[in-house]
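Below you'll find the structure, written out as structure tokens, and then a few comments.
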Amino acid sequence: MHDSVTVHMAAPADEIWALLSDVTRMGELSPETLEGEWVDGATGPAAGARFRGHVKRNGRGPMYWTNCLVTECDPGSVFAFDVVGPSDRPMNTWRYDLAASGDGTDVTESFRLPDNVFTRIYWGLLGWSRGRTNRAGMQATLERAKAIVER
């Protein structure tokens, strides 16, 4: 109920982090997220900030808005958020971890579903397909970010 992808980028961590934590640019990077916007008075990344993402599931549909809550925000190092449901219950956690490596930065994108009965049933029935889609989406997101920061 979790997976990750790591891509090396020949760019400084601060520059990569600034791109990945700017949810208003997520439409440029993600194959599923069309746009993002800060809400509830938030204007940028900070722990506790809220945003919403306009998602086109599997790149085909359905389309809907997700509500998100930033859970970790350490410039140049970590940007993590929960996709939340009612009462701010996490439905999925997404994170970017950045670590200096050689001529640049290793960037890891990951997701983790909460461990509960619903997600165990879902993962057992359809998770193999969604997991494959998430992995391809994370790879595409990081490759698009790499192309931007390495220009």
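Can you give the accessible area per residue of the chain, in Å², using a 1.4 Å probe?
Numbers: 7900 Å² over 151 residues.
That works out to 52 Å² per residue.
How would you classify the stretch 1-79 from its alpha-carbon gyration tensor, with a ≥ b ≥ c the square roots of the eigenvalues: rounded for a/c under 1.5, else prolate if a/b is greater than b/c, otherwise oblate?
Oblate, since a/c reaches 1.5 and b/c is not below a/b.
So for the stretch 52-123, considering every pair of alpha-carbon atoms, how many percent are separated by more than 14 Å? Walk me through the numbers on the way to the answer.
Details: 1762 of 2556 pairs.
Here the tail beyond 14 Å accounts for 69 percent of pairs.
Using just the C-alpha positions of the chain as equal point scatterers, what log10 of I(q)/I(0) does the Debye formula give at each q in 0.09 1/Å?
After summing over all Cα pairs, the log10 values are -0.27.
Work out the FRET efficiency for residue 34 and residue 100 from their Cβ-Cβ distance, taking R0 = 41 Å, and round it to the nearest 0.05. Could you put the intermediate results ahead of the total?
Details: r = 32 Å, r/R0 = 0.78.
Efficiency for this residue pair is about 0.80.
Taking amide hydrogens as modeled 1.01 Å from N in the peptide plane, which residues meet the under 5 Å criterion relative to residue 49, leaving out close sequence neighbours?
Counting only residues 5 or more places away or on other chains, the set is 70.
With +1 on the Cβ of every Lys and Arg and -1 on the Cβ of every Asp and Glu, and nothing else charged, how large is the dipole of the chain about its Cα centre, in debye rounded to the nearest 20?
Its charge dipole is roughly 780 debye.
Just to confirm the filter: which trypsin sites (Lys or Arg not before Pro) across the stretch 42-104 are DSSP coil and have at most 10 other Cβ within 10 angstrom of their Cβ? Walk me through the numbers on the way to the answer.
Details: sites: 50, 52, 56, 57, 60, 95; in loops: 60.
Filter output for the stretch 42-104: 60.
Going toward the positive end of the dipole of the stretch 23-140, with +1 on Lys and Arg Cβ and -1 on Asp and Glu Cβ, which of 122, 90, 29 do you reach last?
It is 122, whose Cα lies furthest towards the positive end.
Rank-order 13-24, 34-45 by packing density, defined as the average count of other C-beta atoms within 10 Å over each peptide's residues, highest first. Could the numbers behind the result be given before it?
Working: 13-24: 18.8, 34-45: 14.6.
Those peptides, ordered most packed to least, come out 13-24, 34-45.
The values are calculated or read from the model by the stated rules, or taken from the named source; none is laboratory data. None of these values were measured; they are calculated from a predicted model. Here Cβ is always computed from backbone atoms with ideal geometry, including for glycine, and neighbour counts include all displayed protein chains. The accessibility values were calculated without ligands, DNA or RNA, using every heavy atom of the protein model including side chains. Shrake-Rupley method; radii C 1.70, N 1.55, O 1.52, S 1.80 Å.
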